[in-house]
Each structure stands twice: as structure tokens, then as C-alpha cells.
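Colleague: Have a look at this one.
No lab work stands behind these numbers, since they all come straight from the coordinates. Nothing here was measured: the structure is a model prediction, and the numbers come from that model. Cβ placement follows ideal geometry from the backbone for every residue including glycine, while neighbour counts extend to all protein chains displayed.
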Amino acid sequence: MKNFFLLSIAAAAALFLTQGCALFNQMNSGSTEQLLVAAGFQERPANTPKRQQMMAKLNPYKVQMRTKGNSVIYIYPDPKKNVAFVGGPSQYQAYQKLSVQQSIAENQAAAAAEMEMMGVDDGTFGMGMWDPFW
């Protein structure tokens, strides 16, 4: 009975983690798609059986490299919208650069918000909440 209970909890946790990751990927896909478009990726609808078949083989919400002859292409499938974003090496390089810039900006904003919440920088070069006279 105890083993069954532990097994049930482990299975529920595993399900939660996999569903949580998928949900996070979907939630994050909006900003990823904006970055891809800004980097020059083209949005292609999966409106033919061949494209739908190809989309079904790809990992959703992840940029993936594929070779076609001597060419390299990058594909980001969004099955919910039934589209794929497609670009070449230069678009992928631009996407990576924009992604790093966005990550830095988000980290800086989070650090600034945390500092403000702690009262560390109140603009007077004081110690905020760490002021010895509080």
C-alpha cells in the first residue's frame, strides 16, 4: 500500500512536470515568435498535407536545425497556430542575438525590481532598509 502511494505521487509529479514544461513553452512561445519575426524568420502556414506531416515530426515550440541539400534551415513549429517559422543561418544568428539581449534586459529589470523592493537604492545613495537608524 505504501509503495503504491509513493508510486502514485511520483507519477503525479512526473505528469505535473511534463505538463508544466509544455505549458511554459506555450506561454513563452509568444515572445519567441516575436523575436523570430524580428530576426527575419518567415511565417509559413501548415496548409498542405506535406507541411502538416513535417510539423507532426518536429518538437513543438523549439527552434530546430534541418538540412535540405547543401542548405541549412531553422524551423520553429507552433502547432496551436498551425504555422512554422522558417529562417536561414543569418536569421538564426540574429534571433540568438535578440534572445540574449532580451534575456539581459529581463535580468536587469528583475534585479532593479528586487533592489527597489529591498529599498537598497532609493536615489539618495543611502542604505534604504539597511540604514542603521531604522
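Colleague: First select every other residue whose beta carbon is under 14 angstrom from the beta carbon of Gln91; then total the charges, Lys and Arg +1, Asp and Glu -1.
Modeller: +1
Colleague: What is the pair-distance distribution P(r) of the range 29-119, computed from all Cα-Cα distances in 10 Å bins starting at 0, with each bin given as a whole percent?
Modeller: 16, 40, 24, 12, 6, 1
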